Amino acid sequence: MGLFSRTRVRPGESAPTDKLSHTLRERGYVYQHTATLEEITDGPKRTLYLGIDPTADSMHVGHLQAMLVLRRFLEHGHRVIVLLGGGTGMIGDPSGKSEERVLLDAGMLARNAAGIKRQAERLFNSDNFEIRNNLDWLGQLKVIDFLRDIGKHFSVNAMMARDSVKERLENREQGISYTEFSYMLLQSYDFLHLFESDRCTLQLGASDQWGNMVSGADLIRRKTGGEAYALSFPLLINKSTGKKFGKSEGGAVWLDPKKTPPFQFYQFWINVEDANVEEYLLKMTLLSKEEIGVVMAEQNNNPASRAGQKRLAYEITALVHGVRKAEEVKQESKELFTGGSPVQTDNIPTMPAGTLRQAAGILEISISELRRLIEQGAVSSATSGNKFDSIDADVSNDTIKIGKNRFIRVE
RNA sequence: GCGUCGGUGGUAGAGUGGUCAAUUACAACAGACUGUAAAUCUGUCGCCCAUUGGGCUACGCAGGUUCGAAUCCUGCCCGGCGCACCA
C-alpha cells in the first residue's frame with residue numbers, strides 16, 4: 001500500500017509546499033486564535049508548546065488530533081515542546097468533577113514521560129522535539145514570590161466571570177476550592193516560564209483550554225511586555241451523540257498496544273459512525289485532501305462498503321502501530337468478520353483448550369456476566385457461526401466471538 | 001468554631017424501619033433489523049453457585065438500637081450553605 005510512507009516527510013526531504021495556515025484550515029484544525037492565523041503560523045519560525053496531563057504512561061486517541069497538529073508545525077520548521085503537567089496535574093482543572101488528585105511520584109512521572117515521548121516520536125516521525133515537565137519549575141515556586149510576581153497580574157473579577165468557574169460558583173453542592181481556582185494562574189505561569197526560558201511564543205490546545213491559554217499570553221504581555229499567542233483547535237465531538245469523543249466499551253482507547261491491542265484499536269475506527277468519518281480522516285490521518293475526497297466519494301456512493309471507515313482504521317493504525325501491524329490486523333479483521341479459519345496471529349487474546357468458562361478471565365468480566373452473554377446469544381464460534389449455550393461447553397482449536405467485536409482464539 | 005443540610009450503584013438522582021441488590025433517567029453491554037454504521041425495538045446491567053432457585057457482600061467510615069437498618073441513635077471523616085472568629 002505504501003500510503004503511509006508517501007505521506008511521510010523524512011528528514012532531508014523538502015518541506016511541504018502549502019502554507020501552514022492553509023493546511024490547518026483545510027483540515028478543520030483552527031478554532032480560535034489571538035492574532036490572525038497567518039501571523040501566527042506563516043511568519044518567522046517559533047517555539048510553541050502544548051500541555052498534556054501525564055496521568056498515564058500512554059496517550060489515548062483523544063490526544064491524536066493534538067499530536068497531528070503539532071506534527072504539522074514541526075514539518076513547517078517550528079520548534080515544538082510537549083509539556084507534561086506533572087505539577088498542574090496534582091491540582092486538577094476546575095472543569096468537570098475531579099476526585100482528590102493523587103500526587104504522582106517521581107518514578108512514575110518519569111515512566112509516563114518516557115512512554116508519552118516514545119509515542120510522540122512515532123506520531124511525529126521525528127525525535128526533533130522537546131518534552132518538559134512543569135513540576136520542574138512549579139515545584140520551585142515560593143508562595144510569597146508567586147503571589148507578588150504573578151498573582152497581582154490577575155483580576156479575580158475576570159476569573160470569576162469564566163464559565164468553568166461560574167458554573168462551580170453557582171453550583172451550591174460543589175463549589176470550587178481556592179486551589180482549583182488558582183489552576184489558571186499556574187497554567188499561565190507555565191507559558192511565561194517557557195517564554196522566558198525558551199522564547200516560546202505560542203501555546204496550542206483544544207478549545208476547552210482557550211481561557212487558560214489566553215490568560216497566559218496576557219501574563220506575558222503584562223510581565224515582560226512581550227508578545228505571545230494562543231491557537232486552539234476544536235474539541236472532537238461525536239456528531240450523532242454530541243458527546244466528547246474517544247471512549248469505547250467504557251474505557252479509553254489507548255495508543256499503547258499493551259493497553260489497547262492493535263486489533264481492538266483498528267476495530268474502534270472501523271466502527272466509527274458514517275457521520276464522523278470524513279472529519280476523522282481529515283483530522284486524524286495524514287491523507288491528502290484529494291485522497292480523502294476519493295475515499296469519501298466511494299463511501300457516499302456505497303455506504304455499505306464502509307470504504308471510509310476501512311481507510312480510516314488502516315491509516316490510523318499504521319500511524320500508531322506501524323504499517324506491518326496495520327496490514328496484519330486488516331487481514332485478520334477481514335477473516336474474522338467474513339467467517340474463516342481460526343486466526344493464527346497474536347493480535348487477539350488466546351486461551352488454552354478447555355471450557356468456555358475461562359473466557360471470563362480473558363475478557364476481564366465476571367462469571368455472571370459471561371453467563372448472561374451466553375444466555376443472550378452473544379457468544380458463538382467465529383468459524384462455524386454456532387452459538388454456545390452453556391458456560392461449561394468444551395472448546396478447542398477455534399475462534400470464539402463475543403458480542404460484536406471481541407474475539408478469543410482457543411488453542 | 002457554632003449551626004444547618006447532605007454523602008446511595010459508571011453518572012444524575014429516588015428511597016427515610018421489613019415487600020430493597022435498591023424506582024427512574026442517561027451511559028454501558030447484548031439480541032433483532034442493517035452495512036462490524038446510525039435510528040428503532042427488545043433484553044441485561046453487585047459478586048458467587050445454579051435448571052427453577054440459593055448464598056454472600058453492599059447505600060461515606062466505625063460502633064449501637066431492633067426479630068429486622070440505605071432508612072433510627074452515637075462517634076468519626078468528607079462536602080455545601082449560613083453565622084461567628086480572623087483580616
* Structure fact -> Taking alpha-carbon centroids only, the stretch A:255-279 lies from the stretch A:139-157 a number of Å equal to 43
* Structure fact -> The alpha-carbon center of the stretch A:28-67 and that of the stretch A:344-411 are separated, in whole Å, by 43
* Positive end of the charge dipole of the stretch A:177-244 (Lys, Arg +1 and Asp, Glu -1 on Cβ, about the Cα centre): tell me which of A:183, A:194, A:207 has its Cα farthest that way. => A:207
* Structure fact -> Ordering A:358-370, A:221-233 by per-residue average of other C-beta atoms within 10 angstrom, highest first, gives A:221-233, A:358-370
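With the cut-off at 22 Å, tell me which of the pairs A:334/A:404; A:152/A:223; A:258/A:330; A:310/A:404; A:259/A:289; A:166/A:223 have Cα atoms farther apart than that.
A:259/A:289; A:166/A:223
Every number here is computed from the coordinates shown, using simple stated rules; none is lab data. For clarity, every value in this text was computed on a predicted model and none was experimentally measured. Methodologically, a virtual Cβ is constructed for each residue, glycine included, from the backbone with ideal geometry; neighbour enumeration extends over all protein chains shown.
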